[in-house]
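The values are calculated or read from the model by the stated rules, or taken from the named source; none is laboratory data. What you see is a predicted model, and the numbers here were worked out from it, not measured in a lab. Heads up, the Cβs are rebuilt from the backbone with ideal geometry, glycines too, and the neighbour counts pull from every protein chain shown. The area values use the complete protein model at the heavy-atom level, side chains included, leaving out ligands, DNA and RNA. Shrake-Rupley method; radii C 1.70, N 1.55, O 1.52, S 1.80 Å.
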Amino acid sequence: MRDYRAWHNDYDDPQSSLSQRLAVVQRRLGERLSAMPPGPIQIISMCAGQGRDVIPVLQQHLRAPDTRAALLEIDPRNVALARRAIAASGLTGVTAIETDASISDAYAAWVPADIVLACGIFGNISDADLERTVRSLSMLCRQGAAVIWTRHWKQPEMIVAIRHWFQESGFLDLGFDPLDNERKMGIGVVSLTGAPLPFKPGLRFFTFLR
Ligand SMILES: C[S@@+](CC[C@H](N)C(=O)[O-])C[C@H]1O[C@@H](n2cnc3c(N)ncnc32)[C@H](O)[C@@H]1O
């Protein structure tokens with residue numbers, strides 16, 4: 001697999017495609033948090049990396065005291081950096097977990113979520129895994145939950161397909177931002193208006209190809 005600690009270095013350049021994507025992910029996450037009804041909020045970040053999206057947003061958000069966030073990540077170096085950022089942030093409801101987030105069991109303690117982040121996954125898995133993941137994602141969600149997802153739009157037909165699979169799975173499409181940058185990154189948001197699938201243990205969502 002790729003060196004996913006080094007992958008994060010592009011975030012250090014504020015002009016990079018990745019930083020541009022991060023800014024939109026953070027904005028969308030802030031908006032979804034603001035839209036949540038009063039009461040506890042559960043966030044799940046799948047393949048969370050170093051938590052660069054969730055941690056800074058929560059640090060500045062009024063709903064942080066209501067929010068529990070689970071950052072699921074397989075690379076221990078990224079988990080360590082996420083934990084360091086959490087400690088520095090003073091946030092008490094955010095946990096970085098070293099686990100294989102490709103299997104549904106990893107989520108058992110954190111479902112149902114109000115906000116799911118699937119960022120940096122959909123461009124790294126096979127089309128068949130991508131379709132299965134999208135069609136299964138509602139099992140991690142509460143009705144009304146939002147999913148924030150990313151994928152490059154070098155193959156626009158795949159973006160059309162992803163949005164279609166979400167809609168067929170009970171999600172309302174809230175939009176897709178195709179950033180016109182070097183890596184053609186895009187950010188989508190959907191909201192679960194239909195009924196979630198029941199949580200199914202032992203399901204493999206995807207395998208990272210690189
Ligand atoms: C492209 S990065 C995205 C990181 C983060 N979501 C972001 O957008 O900044 C993909 C991340 O997925 C992690 N990853 C890959 N396979 C995984 C698995 N099976 N379970 C959990 N994390 C995984 C990698 O270590 C890496 O940190």
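Leaving out ligands and nucleic acids, and using a 1.4 Å probe, what accessible area per residue does the chain come to in Å²?
Here the residues of the chain average 45 Å² of exposed surface.
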Q | Globularity index of region 129-202, i.e. its alpha-carbon radius of gyration over 2.2 N^0.38 Å | A | 1.11
Q) Rg and Dmax of region 85-188 over Cα atoms: what are they, in angstrom? A) 14.8, 42
**Q.** Area accessible to solvent at residue 10, 1.4 Å probe radius, in Å²
**A.** 70 Å²
(Q) Can you give me the % of accessible surface on region 63-105 that is carbon or sulfur? Probe 1.4 Å, all protein chains present, nothing else counted. (A) 54 percent
Q) In a GNM of the chain with a 10 Å cut-off on Cα contacts, which of 116, 94, 57 has the highest mean-square fluctuation? A) 57
Q. What percentage of the solvent-accessible surface of region 113-185, computed with a 1.4 Å probe over protein heavy atoms, is contributed by carbon and sulfur atoms?
A. 49 percent
Q: Determine the calculated [θ] at 222 nm for the chain from helices alone, applying -39500 (n - 2.57) to every DSSP H run no shorter than 4 residues and normalising by the residue count; nearest 500 deg cm²/dmol.
A: -9500 deg cm²/dmol
**Q.** For region 115-210, size of Cβ-based charge dipole, Lys and Arg +1, Asp and Glu -1, in debye
**A.** 320 debye
Q. Going out from 0 in 10 Å bins, what whole percent of all Cα-Cα distances in region 1-52 drops into each bin?
A. 20, 45, 26, 9, 0
Q | Cα-based radius of gyration of region 1-100 once divided by 2.2 N^0.38 Å, which approximates compact folds | A | 1.05
Q) In the chain, if every C-alpha pair distance is counted and binned at 10 Å from zero, what percent goes to each bin? A) 9, 37, 41, 13, 0
